[in-house]
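J.: Take a look at the following structure, please.
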There are 2 protein chains.
Amino acid sequence: MKVTITDVAKKANVSKSTVSRIMNGNFDQNTEETVNRVLKVIEELDYRPNALARSLKLTKTNVIGIVLSNLQNPFWASVLEGAEEACQSHGYNLMICNSNNNGEIEKEHLRSFEMKQIDGLMINPTSKNLDTYKKMVDNDFPFISINRKIYGLDAHVITVDNVKGAKMATTHLIRQGRRKIAIFLYQVEGISPRLERLQGYKLALIENGIDIDPSLILMVDEKKGEIAKAVQKVFSADNIPDAIFSTSSMMTLEILEGISQTKYNIPKDVALIGYDETVWSKHLFPPLSTIWQPAFEMGGLAAKKLIEMIETKKPKEVLPKVISLDPQLIKRESCGEAQKGGVVLE
Amino acid sequence: MKVTITDVAKKANVSKSTVSRIMNGNFDQNTEETVNRVLKVIEELDYRPNALARSLKLTKTNVIGIVLSNLQNPFWASVLEGAEEACQSHGYNLMICNSNNNGEIEKEHLRSFEMKQIDGLMINPTSKNLDTYKKMVDNDFPFISINRKIYGLDAHVITVDNVKGAKMATTHLIRQGRRKIAIFLYQVEGISPRLERLQGYKLALIENGIDIDPSLILMVDEKKGEIAKAVQKVFSADNIPDAIFSTSSMMTLEILEGISQTKYNIPKDVALIGYDETVWSKHLFPPLSTIWQPAFEMGGLAAKKLIEMIETKKPKEVLPKVISLDPQLIKRESCGEAQKGGVVLE
DNA sequence: TTGAAAGCGCTAACAG
DNA sequence: CTGTTAGCGCTTTCAA
């Protein structure tokens, strides 16, 4: 049924080796006449080499695995697109799976990927399978972490500078005259962007001589409705914030909704800035200030680096191990100063 | 280096066949003693079968390919998540690629997928490679089209009823008292959802005794800025619409922006309804009425159907060939009637 | 310049 | 109940 290299060889009256050579572009090892004849047969038979057999022999699949945790978040959709584009242009295919931030599921996926003999792995790690990550790195398996650092493991990682981003956001609020700045965070759980955004927030306050008020640090569960609760709580407390720093784009929408159910007004009573610029940020009411992250670029860089690690066969020698990209502040009306003409990059 | 079935066999003092049988769960073909011994060695050696070798032998990879065109669009992100989840729960891996709606790129991806011996394909087809799709279907290769029908090809397809959705949207506008309803569409180019949404729009008008005004049918290029131009054009023409039906979520944001630059007000002067409910719809100003589509479900169903086609080995006998899911109307303030309490499903 | 043969790691008759 | 063997489709030495 399917046409194999043997079929081509027979029809062209040559051996499989010859076909193989020609398929792989070693034209100068054969007479022009044979080359043309074989090429013609390949065309006629519409022969496509079985990548499985080839990979088995070469122990190289040209497949890269990527495990992400939330494609609803446009940040990750962009990362994926960036990674896909880079893979494609370098001749690799992408095998994707979704961990949903669940360590068990992640572990299974990694196992499955390994059996499928992927050439390398890009991951937004749950951070719950340190031993597994470590084994890969130790075994010189090409591995790169995207967005999250893995504490206690000297792995390749590419992130956006979260301390910087959070500092920019918080500082912007301070410059707009706000002092009682609340931060909304998902439970930190040792996840580096969360830790670092909190740190950036604190640094900005300290640098500006503002005391850190623990009641303004809102750690919420990722469960539905938790954010609304937190908003309600903070606005019925003694110390009502005059600004909110939301550390995730999905969270921001819920905060907006929560605030709309209070008597407080954005930005008059409370300024709001969100992490992650999105297509909808500027269309919110009021238009939302955000921290933009180079997501597409990050995905692309991660893929390129991984491919370099794969192709040099010396993952550990591909430097630098840590790449940290720069975020940007996008100022809009939600922080209190109507920017005529819309966006202002700092 | 890597541990193979031979290593396990040697260490357990059995043949490869025995190990293979046990790996595949045929426990009753061996004495309990052997089974345990082999299992123990497998564990000790941390043996993971090479899926490449297995697939080569079995001509079955448990890999499904998916080609999409735009992950930025949350609709597709949801489809992908749905598909991924179904694959995962049925023991399949997903290989993903992005055609960017480009026929050439799509063709290359399909070729690459074929060589990688994927078991089946889900695709949002560009519709530019009819011959390729046809060959797959004719060869009994498991193939399913998502969201777009492929005219002239009797392939499996799963869509959301676009005529119905567009009719619901348009009818809603009419019921709100609007008569001069404009529709914004990307160039149709034989793409079924676009054709059908236009058709649904027309049907609604006809059923309500409203003449179709060609000047209110705005076909725009997918290039940046084209929508803004179209908005400007329509609002400086003689026949200014009192409602707009936007047929894509990204488009809607641009229309909103365009309108904000006119003197017209939503919903007072012009009502707006968008295709595709998104996380941000209800946070726009004013909150946007939309047509919701079961994207996650569609992805999941497509994957399950494909898997059935794969596993029965009789793709053509898996019925029905065409699945059409139902959209829903979500009413919000952008169409002119403030809905207290927010969402109202019809 | 070309071919024969071995082997990548696995499965599945078939035989015992 | 278990082992021997052939072979999936390819690449690559080695020899001619």
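The values are calculated or read from the model by the stated rules, or taken from the named source; none is laboratory data. Remember, predicted model here, so these are calculated numbers, not experimental data. With ideal geometry, Cβ positions are generated from the backbone for all residues, glycine too; neighbour counts draw on all protein chains shown.
J.: How many residues does the range A:49-75 hold that are in contact (Cβ under 8 Å) with a residue 12 or more places away in the chain, within 13 Å of DNA strand D (Cβ to nearest atom) and under 21 Å from B:Arg111 (Cβ atoms)?
T.: Within the range A:49-75, residues that are in contact (Cβ under 8 Å) with a residue 12 or more places away in the chain, within 13 Å of DNA strand D (Cβ to nearest atom) and under 21 Å from B:Arg111 (Cβ atoms) number 6.
J.: B:Gly120: at pLDDT 95 or above and either farther than 30 Å from B:Phe235 by Cβ or not assigned by TED's automatic domain parsing to the domain that holds B:Ile255 (or both), yes or no?
T.: Taking the combined requirement at face value, the residue satisfies it.
J.: Quick one: count up the residues across the range A:295-340 that are of a type in the set (S, T, N, Q) and under 23 Å from A:Lys135 (Cβ atoms).
T.: Residues meeting the conditions: 1.
J.: Is there a residue being within 14 Å of chain A (Cβ to nearest Cβ), under 17 Å from the mean Cα position of the chain (by Cα) and among the hydrophobic types (A, V, I, L, M, F, W, C) anywhere in the range B:117-136?
T.: Yes.
J.: Okay, moving on. Please enumerate the residues belonging to the range B:44-64 that are aliphatic (A, V, I, L, M) and facing chain A (nearest Cβ under 9 Å).
T.: B:Ala51, B:Leu52, B:Ala53, B:Leu56, B:Val63
J.: Test B:Asn13 against the stated conditions and say whether it is over 15 Å from the mean Cα position of the chain (by Cα) and either at positive phi or at pLDDT below 95 (or both).
T.: yes
J.: Here is a further query. Taking into account only those residues within the range B:1-31 that are assigned to a helix (DSSP H, G or I), more than 9 Å from DNA strand D (Cβ to nearest atom) and among the hydrophobic types (A, V, I, L, M, F, W, C), which is surrounded by the fewest Cβ atoms within 10 Å (Cβ to Cβ)?
T.: Checking each candidate, the answer is B:Phe27.
J.: Which one is nearest to the other protein chains (Cβ to nearest Cβ), of the residues in the range B:87-108 that are surrounded by 23 or more Cβ atoms within 10 Å (Cβ to Cβ) and part of a helix (DSSP H, G or I)?
T.: The extreme case among them is B:Cys87.
J.: Within the range B:183-201, is there a residue that is more than 27 Å from B:Tyr151 (Cβ to Cβ) and free of Cβ contacts under 8 Å to residues at least 40 places away in the same chain?
T.: Looking through the range B:183-201, none of the residues is more than 27 Å from B:Tyr151 (Cβ to Cβ) and free of Cβ contacts under 8 Å to residues at least 40 places away in the same chain.
J.: Can you spot a residue in the range B:141-163 that is surrounded by fewer than 20 Cβ atoms within 10 Å (Cβ to Cβ) and within 14 Å of another protein chain (Cβ to nearest Cβ)?
T.: yes
J.: From the list A:Val67, A:Val79, exactly one residue is among the β-branched types (Val, Ile, Thr), more than 9 Å from chain B (Cβ to nearest Cβ) and in contact with a Cys (Cβ under 6 Å, 6 or more places away or on another chain). Which is it?
T.: When all the criteria are applied, what remains is A:Val67.
J.: Looking at (1) within 9 Å of DNA strand C (Cβ to nearest atom); (2) under 18 Å from B:Leu56 (Cα atoms); (3) not in a helix (DSSP H, G or I), find the lone condition where A:Thr61 falls short.
T.: (1)
J.: Checking B:Val79 against (1) of a type outside the set (Phe, Trp, Tyr); (2) in a helix (DSSP H, G or I); (3) modelled with pLDDT under 95, which single condition isn't satisfied?
T.: (3)
J.: Have a look at B:Leu185, B:Leu203, B:Leu195, B:Leu173 and point out the one that is aliphatic (A, V, I, L, M) and within 17 Å of B:Ser249 (Cβ to Cβ).
T.: Result of the check over B:Leu185, B:Leu203, B:Leu195, B:Leu173: B:Leu185.
One line per residue, one yes/no per condition, for (1) basic (Lys, Arg); (2) within 30 Å of B:Asn101 (Cα to Cα); (3) more than 10 Å from every other protein chain (Cβ to nearest Cβ):
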| position | (1), (2), (3) |
| --- | --- |
| A:Gln29 | no, no, yes |
| A:Lys40 | yes, no, yes |
| A:Glu84 | no, yes, no |
| A:Leu110 | no, no, yes |
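J.: Out of curiosity, is A:Gln232 within 14 Å of chain B (Cβ to nearest Cβ) and exposed (fewer than 15 other Cβ atoms within 10 Å of the Cβ)?
T.: So A:Gln232 fails the test.
J.: Which ranges mark the strands (runs of 3 or more DSSP E) fully within the range A:230-346 that have 2 or more residues being over 19 Å from A:Ala169 (Cβ atoms)?
T.: Hits in the range A:230-346: A:322-325.
J.: Right, another one. Please work out if A:Asp131 is in contact with a Pro (Cβ under 7 Å, 6 or more places away or on another chain) and either of a type in the set (Phe, Trp, Tyr) or more than 14 Å from B:Asn93 (Cα to Cα) (or both).
T.: Here the answer is no, as A:Asp131 does not meet what is asked.
J.: A further question on this structure: Which residues, taken from the range A:14-38, are near DNA strand C (Cβ under 10 Å from one of its atoms) and in contact (Cβ under 8 Å) with a residue 24 or more places away in the chain?
T.: Passing the criteria: A:Val14, A:Arg37, A:Val38.
J.: Any idea how many residues of the range B:304-337 are of a type in the set (A, V, I, L, M, F, W, C) and over 21 Å from the mean Cα position of the chain (by Cα)?
T.: Of the residues in that region, 1 qualify.
J.: Only one of these conditions is not met by A:Thr34: (1) of a type in the set (Ser, Thr, Tyr); (2) modelled with pLDDT of 95 or more; (3) buried (at least 16 other Cβ atoms within 10 Å of the Cβ). Which number is it?
T.: Every condition holds for A:Thr34 apart from (2).
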